Amino acid sequence: MKLLGNILWLIFGGVETAIEYFVSGVAMMITIIGIPFGLQAFKLGVLCLWPFGSKVQEKEQTHGCLNLLMNIIWFFIGGIWIWLTHILFGVLLYITIIGIPFGKQHFKMAGIALSPFGKEIV
């Protein structure tokens, strides 16, 4: 079932969204300061290619608050708009019964799009 969901996801917009994440990741990596943000965009792109069966979980932290600072910066450079886009698509897909699994994947991506630092995809 996960394979079928992922194939349908790719056909109906998953590839285009992943390409957008990859292109924005490359654009962010032009400067040294943007490299960590570009890596997070790549992480979102990979999740966007194969969301069914993937889980987002917190990384085990040793110490420090760098992830918090990076998530705040991410929020202001575009994370809020990515989050709102996934929330909007999730709500729209929940309108139909067939779209509920796809809306659920958008909500999963919204969670990581709001604060990607300190999270990993399993």
For helix 35-49, report the angle its Cα long axis makes with the longest principal axis of the Cα atoms of the chain; keep it between 0 and 90° and round to the nearest 10°. 10
If you rank Met70, Met29 by how much accessible surface each has, with a 1.4 Å probe, what is the order from largest down? Met29, Met70
At a 1.4 Å probe, what is the % contribution of carbon and sulfur to the accessible area of segment 39-117? 75
Give the accessible area for Ile97 in Å² (nearest 10); use a 1.4 Å probe, count only protein heavy atoms, and leave out ligands, DNA and RNA. 150
Cross-link pairs beyond the 19 Å C-alpha cut-off, checked among Lys59/Lys104; Lys2/Lys55; Lys43/Lys108: Lys59/Lys104
Can you give the accessible area of Glu20 in Å² (nearest 10), computed on protein heavy atoms with a 1.4 Å probe? 130
Please give me, ordered by residue number, the trypsin sites (Lys or Arg not before Pro) of segment 26-122 that lie in loop per DSSP and have at most 11 other Cβ atoms within 10 Å. Lys55, Lys59
Longest principal axis of the chain (C-alpha) makes with the long axis of helix 80-93 (C-alpha) an angle, in degrees to the nearest 10, of 10
In deg cm²/dmol, rounded to the nearest 500, the helical mean residue ellipticity at 222 nm of the chain, built from -39500 (n - 2.57) for every DSSP H run of length 4 or more, is -19500 deg cm²/dmol
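The values are calculated or read from the model by the stated rules, or taken from the named source; none is laboratory data. Since this is a predicted model, take the numbers as computed values, not measurements. Note: ideal-geometry Cβ built from the backbone for every residue, glycine included; neighbour counts use all protein chains shown. Surface areas here come from the heavy atoms of the whole protein model, side chains and all, with no ligands, DNA or RNA. Shrake-Rupley method; radii C 1.70, N 1.55, O 1.52, S 1.80 Å.
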